[in-house]
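Inspection log for the structure reproduced underneath, given as structure tokens.
The values are calculated or read from the model by the stated rules, or taken from the named source; none is laboratory data. Every value quoted in this text rests on a predicted model; they were computed, and no experiment measured them. No Cβ is skipped: glycine too gets one built from the backbone with ideal geometry, and neighbour counts run over all protein chains shown. The protein model used for the area step is the full one, side chains on, heavy atoms only, and it has no ligands, DNA or RNA in it. Shrake-Rupley method; radii C 1.70, N 1.55, O 1.52, S 1.80 Å.
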Amino acid sequence: MTIELYQFEVSQYSEKVRLILDYKGLDYRKIEVTPGVGQLEIYQMSGQRQVPVIKDGNRVVADSTAIAKYLDETYPDRPLIPTSPKSRALTLMMEEWADESIGAKSRLLLFSGLKDQSFRSALLPPNTPELVKNLVEAVPSEVLQAVGFGIGASPEAVQAAETAIQQDLEALCLLLQDSPYLTGDTPTLADFSVAGLSMLLKFPEGNYLDLPEQLQGKGVPGIADNPLYETFFTWRDRLYAEYRKPRIPTTTGQAGQPTSINIE
């Protein structure tokens, strides 16, 4: 039975789950959730409004960490979490750290890039009406900055997030200097969490996301194009090349191309 993944295409937590599903070789169908009204169905299914959510037969699981653990228990081939105590502890600690550090802070850094009007509209869900895209592009940068203050994306908060992300990426580069993966010689939940959650810092090269081609390999200025972090992004590109399945642009309803949920 095909797993249904309720997602936002530009959600780094959804990308974390997509990487895991691809690594395990599981068939899944991406269902794009329209922000706002589409989240009503998510609430009816799971009791909360956030993505990602998966539906596997009669089982509904929300939250990327809970989904990862469910998939590892239900589909044990290509395990994500090591059995040895030390490796297991390191993997679980790094997964939680990535969620709270890279996952949260990268969204603040991405907000600073939204001052570019074309970049702003390119990040909207693929099924967004053209009228809405035009309205989003027309929002003045001054208004966007005021909104940023309201949601915690003040210039000071963005600067603090950038400083913290720079330190995180430096540490990751050091870890990867002499190791193919973050916690050992085989990929684990730590690797797919860090790789997926870093998506908003720099979009992966290649046809993996339903985004305009010009956004591939692009990201936060000073981060995505900084040679100091080349070791990390080269490692991530290799992880994608080895385990992430490219989109299938001509086929609707497959793992590569999201469909939209219908609200009756």
Looking only at segment 156-174, which residues are touching a Phe, Trp or Tyr at 6+ places or on another chain (Cβ under 9 Å) and at pLDDT 95 or above?
GLN166, ASP168, LEU169, GLU170, LEU172, CYS173
So how many residues does segment 11-38 have that are over 23 Å from PRO76 (Cα atoms) and open to solvent by 30 Å² or more (accessible area, probe 1.4 Å)?
4
Selected residue (criterion: farthest from TYR6 (Cα to Cα)) from residues of segment 62-91 that are of a type in the set (Gly, Ala, Ser) and more than 18 Å from the chain's Cα centre (by Cα)
SER84
Looking at segment 223-234 only, could you name the residues that are surrounded by fewer than 14 Cβ atoms within 10 Å (Cβ to Cβ) and not charged (D, E, K, R)?
PRO227, LEU228, THR234
Hey, can you tell me all the residues within segment 191-214 that are open to solvent by less than 10 Å² (accessible area, probe 1.4 Å), assigned to a helix (DSSP H, G or I) and of a type outside the set (D, E, K, R)?
PHE192, SER193, VAL194, ALA195, GLY196, LEU197, SER198, MET199, LEU200
I'm trying to understand the selection: among the residues of segment 1-53, which are under 19 Å from the mean Cα position of the chain (by Cα) and hydroxyl-bearing (Ser, Thr, Tyr)?
TYR6, SER11, TYR13, SER14, TYR23, TYR28, THR34
Just one of the numbered conditions (1) within 22 Å of TYR208 (Cβ to Cβ); (2) loosely packed, with under 15 Cβ neighbours inside 10 Å is not true of GLY47; which one?
(1)
Would you tally the residues in segment 53-92 being open to solvent by 20 Å² or more (accessible area, probe 1.4 Å) and β-branched (Val, Ile, Thr)?
5
Mind checking whether some residue in segment 235-255 is buried (at least 20 other Cβ atoms within 10 Å of the Cβ) and either farther than 29 Å from ARG78 by Cβ or at pLDDT below 85 (or both)?
yes
Go through (1) open to solvent by 20 Å² or more (accessible area, probe 1.4 Å); (2) of a type outside the set (Asp, Glu); (3) at pLDDT 85 or above one by one and return the number of the condition VAL147 breaks.
(3)
